[in-house]
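Participant: Structure provided below as C-alpha cells; questions to follow.
The values are calculated or read from the model by the stated rules, or taken from the named source; none is laboratory data. None of the values given here were measured: they were computed from a predicted structure. Note that each Cβ is placed from the backbone with ideal geometry, even for glycine, and that neighbours are counted across all protein chains shown. Heavy atoms of the whole protein, side chains included, go into the accessibility calculation; ligands, DNA and RNA do not. Shrake-Rupley method; radii C 1.70, N 1.55, O 1.52, S 1.80 Å.
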Amino acid sequence: MRIGRWLFIGILLSASLLAGGCGSVPAPTHVVKLAVLDGVMAENATETRQELTGWWLSSRDRYQNGNAGIQLGEALADEFEKIPGVLVYPRTDLATYMAQKERTVRRAYPDLSPEERLVVLQSQHPLDYGRSLNVDYVLSSHVALARTTHQRTFHWWVSRIRFDLDLWDVEQGQKIWTWHGEDSDLFDSQLTVIEELAEEAREEAYDRDIFRLY
C-alpha cells in the first residue's frame with residue numbers, strides 16, 4: 001500500500017513537471033539593445049486637424065492625428081520590450097537625446113521653423129541614430145494614415161491606421177525586416193488601433209526570431 005501511494009505521488013509530480021516545461025518560454029541565448037524611433041508622418045498627415053464633410057445623412061467629421069507617429073513609437077517600445085532578451089532604449093532618454101539634436105540643428109540653422117527642424121532630424125538615417133545611441137537594432141516607422149471619421153447623424157465612428165515598420169541591424173548596416181500594419185475598427189480610438197497593431201508586430205517579430213535571440 002505504501003509503495004503504491006508513493007508511486008502515485010511520483011506520477012503526479014512527473015506529470016506536473018512535464019506540463020510546466022512544455023508551457024515555458026525558452027531563455028534567450030543573448031541580449032540585444034533596440035532603439036524605437038518615433039514614426040515619421042506622411043507629408044499629408046503631419047497636421048492635426050478636424051474637418052466637416054458632406055451634409056445631412058452623409059455629414060461626417062474627419063479627425064487627422066498628427067501625433068500618431070509619437071503614439072506608435074510609444075506603443076512599439078512597450079510591446080517589443082516584452083520580448084525576452086530585448087532591451088529597449090529608454091524612451092525618456094531618447095527624448096532627451098532628440099531634444100539635444102534639435103538644439104544643435106537650431107543653432108546651425110536659426111532660420112528654420114520647428115517643423116523644418118523636425119524634417120531635418122527625421123531625414124537622418126536610422127543607422128546613424130543606432131550608432132550614436134550604441135544599440136544593436138533600430139526600429140523605424142512611417143505612418144501613412146491616422147484618421148477617425150465620425151458620422152454625425154447616427155453617431156458612429158471608425159478609426160483607420162496604416163503604417164510600415166523597418167528593422168535595421170546596426171552592425172550589418174542594413175535593413176533586415178519590414179512589416180506592414182493596417183486596420184480599421186468601428187467605435188475604437190486611434191490609439192487602441194495603434195496598440196493592437198503594435199502587439200501584432202511584436203508577435204510576428206518574436207515568432208520569426210528576427211533578433212536571433214535563440
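Participant: For residues in segment 154-169 being open to solvent by 50 Å² or more (accessible area, probe 1.4 Å) and part of a strand (DSSP E or B), which is modelled with the highest pLDDT?
Facilitator: Restricting to residues being open to solvent by 50 Å² or more (accessible area, probe 1.4 Å) and part of a strand (DSSP E or B), the top hit is Asp164.
Participant: Oh, and also: Only one residue in Gln124, Gln151, Gln172 is surrounded by 15 or more Cβ atoms within 10 Å (Cβ to Cβ) and not aliphatic (A, V, I, L, M). Which one? Break it down stepwise before answering.
Facilitator: Values: Gln124 fails: surrounded by 15 or more Cβ atoms within 10 Å (Cβ to Cβ); Gln172 fails: surrounded by 15 or more Cβ atoms within 10 Å (Cβ to Cβ).
On inspection, the qualifying residue turns out to be Gln151.
Participant: Moving to a separate point now. Among His142, His180, which is at negative phi and surrounded by fewer than 16 Cβ atoms within 10 Å (Cβ to Cβ)?
Facilitator: Values: His142 fails: surrounded by fewer than 16 Cβ atoms within 10 Å (Cβ to Cβ).
Every option except His180 fails the conditions.
Participant: Say we look at segment 19-62 and pick out the residues that are at pLDDT below 90 and in contact with a helix residue (DSSP H, G or I) (Cβ under 8 Å, 6 or more places away or on another chain); which of these is surrounded by the most Cβ atoms within 10 Å (Cβ to Cβ)?
Facilitator: Ala45
Participant: Within segment 197-214, can you find the residues that are surrounded by 17 or more Cβ atoms within 10 Å (Cβ to Cβ) and closer than 18 Å to Ile161 by Cα?
Facilitator: Across segment 197-214, the qualifying residues are Leu197, Ala198, Ala201, Arg202.
Participant: For segment 176-191, which positions are at pLDDT below 95 and hydroxyl-bearing (Ser, Thr, Tyr)?
Facilitator: Of the residues in segment 176-191, the ones at pLDDT below 95 are 183-191.
Of everything in segment 176-191, those that are at pLDDT below 95 and hydroxyl-bearing (Ser, Thr, Tyr) turn out to be Ser184, Ser189.
Participant: For segment 72-140, list the helices (runs of 4 or more DSSP H) that sit wholly inside it and hold at least 1 residues that are touching a residue at least 12 places away in the same chain (Cβ under 8 Å), over 20 Å from Gln174 (Cβ atoms) and touching a Pro at 6+ places or on another chain (Cβ under 6 Å); which are they? Talk me through it step by step, then tell me what you get.
Facilitator: On the way: elements: 91-108, 114-123, 126-133.
Counting at least 1 such residues, we get no helices (runs of 4 or more DSSP H) at all.
Participant: Return the total of residues in segment 66-111 being touching a Lys or Arg at 6+ places or on another chain (Cβ under 7 Å) and at pLDDT below 95. Spell out how you get there, then give the answer.
Facilitator: From segment 66-111, those touching a Lys or Arg at 6+ places or on another chain (Cβ under 7 Å) are 74, 77, 79-80, 82-83, 87, 89, 102, 105-106; that's our starting set.
With the extra rule that they be at pLDDT below 95, the set shrinks to 102, 105-106.
Final tally of qualifying residues: 3.
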